[in-house]
Amino acid sequence: MEIGSVIISIILSFVVSAVAGRLLIPVLRSLKAGQSIKEIGPTWHKNKQGTPTMGGLMFIFSMAVVLLTVGAPDLAAGRLGGLYTYLFALVFGAIGFLDDYMKVKKKENTGLTAGPKFLLQLAAAIVFTLLLRNEGYLTPDLYIPFINVTLQLPWIVYMVFAAFVMVGTVNAVNITDGIDGLSSSVTVPVALFFTVVAAQWQHREISILAGALVGGLLGFLIYNFHPAKVFMGDTGSLFMGGMVCGLAFALDMPLILVLVGIVYIAETLSDIIQVTYFKLTHGKRIFRMAPLHHHFEMGGWSEVKLVTVFAGVTVLFCLLAYAGVMNRYPV
């Protein structure tokens, strides 16, 4: 394992992200880049109106610093999986930045329309899949955890599968970003899982990138934990979603997202179920409010309790995921 490099990447990313936050938040305030709160959301969220958004720039920047310093030997040696994964996530972050900019400019919680956003995300997913294939990181052999076997698919089928999973994962992470510190706290153990697995499998460039995500998010949480001084915005949540699915595909194990992304999936399914049931029953609801974190909020859970429980569930499922893949490349 490249333990030393991984630890350095985590620490460096944490420090850069934390320092960047001290500099960025006053700038965002001066630019009046405040979050607009949805009218249909919980009423007590109204006091969050105007909190600076686009704070995801903190960990996006910190990861770039790590990639260009700790990851420099890999770039020089032509090991570009980490760079491709970062750039893939960065495309989603750019889409999110455009979305945030439009929201701030219009002073309302609507940015890019669904059609253009989906097409941009789909294009990014296809290009990333082709890059990983050409560089030898990705095969059409779908690895199945626990039973330690692979299912070979035709490339065209795998491409469709990959695009669906990538776009779905990115938007699921985006949906999870609904209360102070939730999506970042849930993603830290996910990133730590990928860090450990990549290091164990001798994918140095991937382990360094995943470690940088761990450190960057911890630095961001200094300002995002309740009560939040800054939100990551779509800039951060779409980038973070891109990193989560990008790391899974760079390690050629996309099915593991079912376990490590259990909270993202639950949040998304709650939204789909709520909308579908509402339409079918002409106004009835299953959840008090969707997505799932709002359901628990309406039931009296505090934001801190929600974050603690959801992050704890993710930790347990990441441990289960590790048990499912640990025999793929035994040490």
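The values are calculated or read from the model by the stated rules, or taken from the named source; none is laboratory data. Note that the structure is predicted; figures quoted are calculated from it, not measured. Neighbour counts are summed over all protein chains in view; Cβ atoms, including those assigned to glycine, are modelled from backbone coordinates with ideal geometry. We work out accessible area using only protein heavy atoms, side chains counted, and drop any ligands, DNA or RNA first. Shrake-Rupley method; radii C 1.70, N 1.55, O 1.52, S 1.80 Å.
Could you give me the residue pairs with C-beta distances under 6 Å whose first residue belongs to segment 20-32 and is more than 11 Å from V230 (Cα to Cα), whose second residue is in a helix (DSSP H, G or I) wherever it lies, and which are 6+ apart or on separate chains?
Close Cβ pairs (under 6 Å, with a partner that is in a helix (DSSP H, G or I)) amount to A20/M58; A20/F61.
Need the failing condition index for G93 against (1) under 26 Å from A123 (Cα atoms); (2) more than 18 Å from the chain's Cα centre (by Cα), just the number.
(2)
Condition check ((1) surrounded by 19 or more Cβ atoms within 10 Å (Cβ to Cβ); (2) out of contact with any helix residue (DSSP H, G or I) (no Cβ under 7 Å at 6 or more places or on another chain)) across all residues:
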position	(1), (2)
G115	no, yes
I126	no, no
A163	no, no
V167	yes, no
D177	yes, no
T195	yes, no
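May I ask you to say which residue of V70, V157 is surrounded by fewer than 20 Cβ atoms within 10 Å (Cβ to Cβ), of a type outside the set (D, E, K, R) and either over 18 Å from the mean Cα position of the chain (by Cα) or on the phi > 0 side of the Ramachandran plot (or both)?
V157
Do you know which residues across segment 289-325 are aromatic (F, W, Y) and outside any helix (DSSP H, G or I)? Please lay out each step first, then the result.
Quick first cut of segment 289-325, residues aromatic (F, W, Y) only: 296, 301, 310, 317, 322.
Result: W301, single match.
When you go through (1) farther than 15 Å from Y264 by Cβ; (2) assigned to a helix (DSSP H, G or I) one by one for I286, which number turns out not to apply?
Failing condition for I286: (2).
Suppose we filter segment 20-55 for residues that are at pLDDT 75 or above, surrounded by 14 or more Cβ atoms within 10 Å (Cβ to Cβ) and under 24 Å from the mean Cα position of the chain (by Cα); how many remain?
Residues meeting the conditions: 10.
In contact (Cβ under 8 Å) with a residue 24 or more places away in the chain, surrounded by fewer than 23 Cβ atoms within 10 Å (Cβ to Cβ), in contact with an Asp or Glu (Cβ under 8 Å, 6 or more places away or on another chain) and farther than 24 Å from L120 by Cβ, is that true of A266? It would help to see each step written out before you state the result.
Working: in contact (Cβ under 8 Å) with a residue 24 or more places away in the chain: yes; surrounded by fewer than 23 Cβ atoms within 10 Å (Cβ to Cβ): yes; in contact with an Asp or Glu (Cβ under 8 Å, 6 or more places away or on another chain): no; farther than 24 Å from L120 by Cβ: yes.
No.
Report, ordered by the first and then the second residue, all pairs with beta carbons closer than 9 Å, sequence separation of six or more or different chains, a first member in segment 299-316 that is touching a residue at least 24 places away in the same chain (Cβ under 8 Å), and a second member that is in a helix (DSSP H, G or I) and open to solvent by 60 Å² or more (accessible area, probe 1.4 Å).
Qualifying pairs under 9 Å: V315/L192.
If F59 satisfies every condition in (1) open to solvent by less than 40 Å² (accessible area, probe 1.4 Å); (2) more than 30 Å from H203 (Cα to Cα); (3) touching a residue at least 40 places away in the same chain (Cβ under 8 Å) but one, which is the exception?
The one condition F59 does not meet is (2).
Rundown of residues vs (1) touching a residue at least 24 places away in the same chain (Cβ under 8 Å); (2) part of a helix (DSSP H, G or I); (3) of a type in the set (F, W, Y); (4) at positive phi, yes/no style:
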| site | (1), (2), (3), (4) |
| --- | --- |
| A228 | yes, no, no, no |
| G241 | yes, yes, no, no |
| C245 | yes, yes, no, no |
| D252 | yes, no, no, yes |
| V258 | no, yes, no, no |
| I273 | no, yes, no, no |
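What number of residues in segment 269-306 are in contact with a His (Cβ under 8 Å, 6 or more places away or on another chain), open to solvent by less than 30 Å² (accessible area, probe 1.4 Å) and farther than 10 Å from I175 by Cβ?
Residues meeting the conditions: 2.
What are the residues in segment 215-226 that are in a helix (DSSP H, G or I) and either open to solvent by 10 Å² or more (accessible area, probe 1.4 Å) or aromatic (F, W, Y) (or both), if any?
Matches in segment 215-226: L218, F220, L221, I222, Y223.
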